[in-house]
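K.L.:
Just dropping this structure here.
The numbers here are math on the coordinates, done by the rules we state, and not lab data. Keep in mind that what you see is a predicted model, and the values were worked out from it rather than measured. In this analysis, Cβ positions are derived from the backbone assuming ideal geometry, glycine residues included, and neighbour counts consider all displayed protein chains.
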Amino acid sequence: MFDDYYMQQRLDDDGDFLPLLSIEDEEGENPNEQFPETLPLLALKNTVLFPGIVIPITVGRDKSIKAINQAHNKANNKDRMVAVLSQRDSEVEEPGIDDLFRVGTIARILKLLRMPDGTTTAILQGRKRFELEDLVSDEPYMLATVRTLEYEPVTDQMEFDALISSVLERAQQIIELSPNIPSEANVMLKNIQNHSFLLNFIASNLSAKVGIKQELLREDNLQEKGQALLKQLNSELQLLELKDQIENKVRVDIEKQQRDYFLNQQLKTIQEELGQNPQEEEINNMARRAKDKDWPEAVAKTFDKEINRLRRMNPQVAEFSIQLTYLELLLDLPWEEFTQDNFDLKKVKKVLDEDHFGLEKVKDRILEHLAVLKLKGDMKAPILCLVGPPGVGKTSLGRSIARAIQRKFVRMSLGGLHDESEIRGHRKTYIGAMPGRIVQSLKRAGSSNPVFILDEIDKVGKDFRGDPSSALLEVLDPEQNGTFYDNYLELEYDLSKVMFIATANSLNTIQPALLDRMEIIQVSGYSTEEKIEIAKRHLIPEQRKEHGLKANQVKLGKRTLEALIETYTRESGVRSLNRQIAGVMRNVARKVAMEEEYEVSVKPEHLNGMLGPSRFDKDRYATPEVPGVTVGLAWTQTGGDILFVEAILSPGKGKLTLTGNLGDVMKESASTALSFIKANSENLGIDPKIFEEKDIHLHVPEGAIPKDGPSAGITMLTALTSAFTGKRAKTYVAMTGEITLRGKVLPVGGIKEKILAAKRAGMKEIILCQENEKHVAEINPDYINGIEFHYVSRMEEVLNITLGIR
């Protein structure tokens, strides 16, 4: 508001300021004053003239100059009156009647000044509102007929007085908050006695658009006009208050910065007078720490060089803090610092057995390494890679190994890692540079020989930022990692004493060169018996503690655990089993907390109420009811599983259709099986004409799951032969193995997982290749009781066992 306060004062011919008001103005509009019906018309671009208000305008357009001169010089227009209207659009240079608002103000020309630059300035005083009736002429200037307007009488004088008081109060508040408006403006407002003129005066000086001011001018009802003006004043006041708050906040922030700078300068001066320097003291402390470090000579030389460089730096520059952080890293890293290994192998074996049930091959490998280390005294740490399905304890095994041999434990997840700098570090020249996660982890461990778990190494990514797998080659090569180079450290670090253990679910996605540097140890899934033991020894006590229960408040027997494993989980590990046990514990905890009666010993029949209906039913996989259906065994990333293969014949011309989202290997196995059957149809008792009269459709449920691998050959052979002969395959028989056109059965992998899957599904007989017998021998005999194994080398043997074809 009042932003144009100074612009509304202009010098008269004598060099004095023209007053904004006069005694005559304070009387407001004179209802008895007479005005001509026809007046010259003056168009204003960016302002609205209100009655009683004096404004200077610069006249530049030809029509406007002629209208002003005519009104100023016309003999019969003794009061020098001109009709003033505002333009709807200020960009229009030659406005017509449609470009002007209909309501304006009749103005008296107080003075007409010829300026030195050739322009004409007119001092106008608003006298009376009018409404434009018609345009009489447009040349040489606009001449219009007008009808004067009167305000409606005020109906409630008390309410109107209160409204005027509110308007005046808001205007005074705006004046106080506006730095460009002198305080004398408040005195001026208080001296205005005429209410209508007060409203016009404030509306004229309002910081609002022409359209809003025009609406205020057009309003005939003074009470409505006051309400609209008060609304605009409130909006402007809110804006000014917000602006004032922002300016105050900025002012306080600047003052705080100046105060802090001043105090810091004082502190610096005082410290200099006392002979103290905080930066120098910190540098001296680092130098004292360095004397106690037993580190390689190259590191000591680098530290001395960098700390001398730090002494020469100005502490105010940004590079000072970067250099300080680098030197602190050199001091914090455990150069040549090692923990003492525990060479009591019997105690180590006991710890490993306590923490993990099973996994004998992995435990034996750890004991072998420690035995060599104990006898030789020094040995480059091996790079072990534990490969197996999720939930079998690969990561937790590393923690147990660290506890057993009394080393520090570090875990680094590689899942989704795609930036090579995460391994090798960033160069110090980059903003926000930091060492790689290998060096950071060693700093955190405080030892140069920890057990270092590289989790999910098969899920390392690769993109434009580099190939982390290639960066890991140096880390995991025992012949190279003694001189591992970190880009941030710019020094070689010895990783040869670190015991790296990598974990993976599958070897297929690991880079071959990286795979070659690791010793692969397969961690197979657990049998039902092993899961029961793991649950008793580890899962149940852990979940009981997690849920605040005591041993006498909940018990799970062997039958209950067996029901949990077989009907609520289908996995190689125990992660899902652990979740189901947690569900049982939550149910019991709720009953204990609510003091309800319940049976402490959880029985199999209670599981339905605690966990809901059983999710798996092993019996539904066991009995093929029609010819052409056989059960195969498959390996998956989550362990083993059984696989149905279905074959059916229909009238046709011998076309083979394969469905079930099969991969190329399985499609080739199906074609090989069909070719073998056609070539040996007479020996198999199949009429050769059937191959020309029937179409064959082979399907492997479930169709939405992709399937591939060289293990379904004999299963497809049996299914197709069963469909052609009409003989049902033997029940409770599962099989796995690949085939050749010559009739040989080839060995496959993942035998333990497949056998455990068959047992979970209730299979009683399993057909394997003769060469897979050695893999079955590695499984604890107690876990495969009740299963009969058939070892075959020819495809005819498979058909003899499953279909009785000799």
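K.L.:
My understanding is that a pair violates if its Cα-Cα distance is over 29 Å; which of 350/497; 128/209; 462/752 do that in this structure? Walk me through the numbers on the way to the answer.
P.N.:
Values: 350/497 24 Å; 128/209 22 Å; 462/752 33 Å.
The pairs that break the limit, which is 29 Å between Cα atoms, are 462/752.
K.L.:
Give, as a single signed number, the net charge of other residues whose beta carbon lies under 10 Å from the beta carbon of residue 633, with Lys and Arg counted +1 and Asp and Glu -1. All intermediate terms of the calculation are to be shown ahead of the outcome.
P.N.:
Numbers: positive: 754; negative: 641, 753.
With Lys, Arg at +1 and Asp, Glu at -1, the net is -1.
K.L.:
Rounded, prolate or oblate: which one fits the stretch 361-505, using the alpha carbon gyration tensor with axes a ≥ b ≥ c (rounded when a/c is under 1.5, else prolate when a/b beats b/c, else oblate)?
P.N.:
oblate
K.L.:
Suppose every K and R has +1 on its Cβ and every D and E has -1 on its Cβ; what is the size of the dipole of the chain about the Cα centre, in Debye to the nearest 20?
P.N.:
That gives a dipole near 4700 debye.
K.L.:
How many times 2.2 N^0.38 Å is the alpha carbon radius of gyration of the chain? Write out the running numbers ahead of the final one.
P.N.:
Working: Rg = 47.7 Å, N = 806, 2.2 N^0.38 = 28.0 Å.
Dividing the Cα Rg of the chain by 2.2 N^0.38 Å gives 1.71.
K.L.:
When only Cα pairs under 8 Å and 6 or more residues apart are kept, what is the percent relative contact order across the stretch 67-185?
P.N.:
It rounds to 15 percent for the stretch 67-185.
K.L.:
Calculated from DSSP H runs of 4 or more alone, at -39500 (n - 2.57) each and per residue, what is the 222 nm mean residue ellipticity of the chain, nearest 500?
P.N.:
-13000 deg cm²/dmol
K.L.:
In whole angstrom, note down how far apart the Cα centers of the stretch 469-492 and the stretch 416-463 are.
P.N.:
After rounding, the separation between the Cα centres reads 11 Å.
K.L.:
Which one of 677, 705, 561 is farthest out on the positive end of the charge dipole of the chain, using unit charges on Cβ (Lys, Arg +1; Asp, Glu -1) and the Cα centre as origin?
P.N.:
677
K.L.:
Would you grab the residues whose amide H sits under 5 Å from the one on residue 110? Only those 5+ places off in sequence or on another chain, please, with H modelled 1.01 Å from N.
P.N.:
123, 124, 125
K.L.:
Count the DSSP beta bridges whose two residues both fall in the chain, then state the antiparallel fraction as a percent rounded to the nearest 5.
P.N.:
55 percent
K.L.:
While we're looking at this one, here's another question. Could you tell me the center-to-center distance, by alpha carbons, between the stretch 87-155 and the stretch 239-268 in angstrom?
P.N.:
Taking the Cα centre of the stretch 239-268 as reference, the centre of the stretch 87-155 is 50 Å away.
K.L.:
State, as an integer percentage, the relative contact order of the stretch 345-522 based on alpha-carbon contacts under 8 Å between residues 6 or more apart.
P.N.:
Once normalised by length, the contact order is 30 percent.
K.L.:
OK, next. On a 26 Å Cα-Cα criterion, which of the cross-link pairs 45/111; 346/754; 531/555; 374/774 come out too long? Provide the component values of the computation, followed by the final result.
P.N.:
Values: 45/111 20 Å; 346/754 34 Å; 531/555 16 Å; 374/774 33 Å.
Going by Cα-Cα distance, 346/754; 374/774 fall outside the 26 Å limit.
K.L.:
Ok, one more. Put +1 on the Cβ of every Lys and Arg and -1 on every Asp and Glu Cβ in the stretch 85-224; which of 141, 85, 126 then has its Cα farthest towards the positive end of the dipole?
P.N.:
Going by the charge dipole, the pick is 126.
K.L.:
Please give the Cα centre distance for the stretch 156-196 versus the stretch 672-746, rounded to the nearest Å.
P.N.:
101 Å
K.L.:
Could you pull out the pairs from 349/550; 66/213; 545/591 whose alpha carbons sit more than 19 Å apart here?
P.N.:
Going by Cα-Cα distance, 349/550; 66/213 fall outside the 19 Å limit.
K.L.:
Taking only C-alpha pairs under 8 Å that are 6+ residues apart, what is the relative contact order of the chain in percent? Numbers along the way, then the final one.
P.N.:
Working: 1397 pairs, mean separation 59.9, N = 806.
Averaging sequence separation for qualifying contacts and normalising by length gives 7 percent for the chain.
K.L.:
Work out the length of the dipole vector of the stretch 32-148 about its Cα centre, built from +1 on the beta-carbon of each Lys and Arg and -1 on the beta-carbon of each Asp and Glu, and round it to the nearest 20 debye.
P.N.:
With Lys and Arg at +1 and Asp and Glu at -1, about 680 debye.
K.L.:
Non-local amide H neighbours of residue 144 (under 5 Å, H modeled in plane, Pro and chain starts lacking H): which ones?
P.N.:
Residues meeting the criterion, in which the H sits 1.01 Å from N, are 39, 41, 136.
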